[in-house]
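Below: the structure, in structure tokens.
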Amino acid sequence: MTERLRVFLVDDHAMFRAGVRAELGDRVDVVGEASNVADAVRDITSVLPEVVLLDVHMPDGGGRAVLERVRAAHPEVKFLALSVSDAAEDVIGLIRAGARGYVTKTISSDDLVDAIRRVADGDAVFSPRLAGFVLDAFASKTVGTGTDPELDQLTNREREVLRLLARGYAYKEIAKELYISIKTVETHVSNVLRKLQMSNRYELSRWAADRHIV
């Protein structure tokens, strides 16, 4: 019988971690989980799993901070990003930092198990539409390079909210998509409007469309 892969979960939402555990079932061994950068780095370096399932957006530096700190001492640990975000800059940032793959949280349990196994074997794995971001970025070296001073003012979470807002999502839908409260969505929108010196969501939508980030 093949030994099950040892997997570690990093996500700041306990309910989501519980859901992933349930979906993975007994097909892998979940050897630990963490909700923040410091705990993740400490526990991953302690148990040394084959694969870390890593959320992108968390406090204190997010998934990229976890990846960079662990890989500096343990390059053998492989990382697979599992995120609600399908933003090009998030995908490219994690891959350039050393992640072996990037899939979105809409992935099925069977496909997630397959992705974990493939990453453990050294393959690169992406949700279908995200692979194009990586190919474009490494071909042109222009995606996500931080050349737009206005866009650079926004945090990753604010960019996520802006992108969904520009796609026509209501605040309630954005909150559900990003696993945050409606009040938090309102705060992010207010911050984006202030930073970009705009007055309403329609101006934001046009601004986002002009920069091809919708």
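The values are calculated or read from the model by the stated rules, or taken from the named source; none is laboratory data. Nothing here was measured: the structure is a model prediction, and the numbers come from that model. Reconstructed Cβ throughout: ideal geometry from the backbone, glycine too, with neighbour counts over all protein chains shown. In case anyone asks, the SASA skips ligands and DNA or RNA and just uses the protein heavy atoms, side chains included. Shrake-Rupley method; radii C 1.70, N 1.55, O 1.52, S 1.80 Å.
Computed on the chain, with alpha-carbon pairs under 8 angstrom and 6+ residues apart, the relative contact order is 14 percent. For V30, nonlocal amide neighbours, meaning residues 5 or more places apart or on other chains whose placed amide H falls under 5 Å from its own, are V7. For the chain, the longest principal axis of the alpha carbon atoms and the long axis of helix 201-210 meet at an angle near 70°.
Coupling constants for the stretch 97-110 follow from the phi torsions by the Karplus curve (6.51 cos²θ - 1.76 cosθ + 1.60, θ = phi - 60°), and in residue order they are 7, x, 5, 8, x, 8, 10, 8, 6, 7, 5, 6, 4, 5 Hz; glycine and proline get x.
Rounded to the nearest 0.05, what FRET efficiency do Y202 and T106 have when you use their Cβ-Cβ distance and R0 = 30 Å? Approximately 0.60, to the nearest 0.05. Listed options for semi-axes √(5λ) of the Cα gyration tensor in Å are (i) 31, 18, 16; (ii) 39, 19, 14; (iii) 23, 21, 16. The value calculated from this structure is the one marked (i). Taking 7 Å steps out from each Cα toward its Cβ at D123 and E186 produces label points 4.7 nm apart.
For the stretch 1-126, the relative contact order is 22 percent, taking Cα pairs closer than 8 Å that sit 6 or more residues apart in sequence and dividing their mean separation by the residue count. Each of I107, N156, F79 was scored by the projection of its Cα onto the charge dipole of the chain, and the greatest displacement toward the positive side belongs to N156; charges sit on the C-beta of Lys, Arg, Asp and Glu.
Taking 0.36 nm per residue of sequence separation and removing the Cα-Cα distance, the A97/K195 pair yields an extension gain of 32.5 nm. At a 1.4 Å probe radius, carbon and sulfur cover how many percent of the accessible area of the stretch 1-54? Carbon plus sulfur share of accessible area: 51 percent. Using the Cβ of E158 as centre and a radius below 13 Å, the other residues enclosed give a net charge of -1, where K and R count +1 and D and E count -1.
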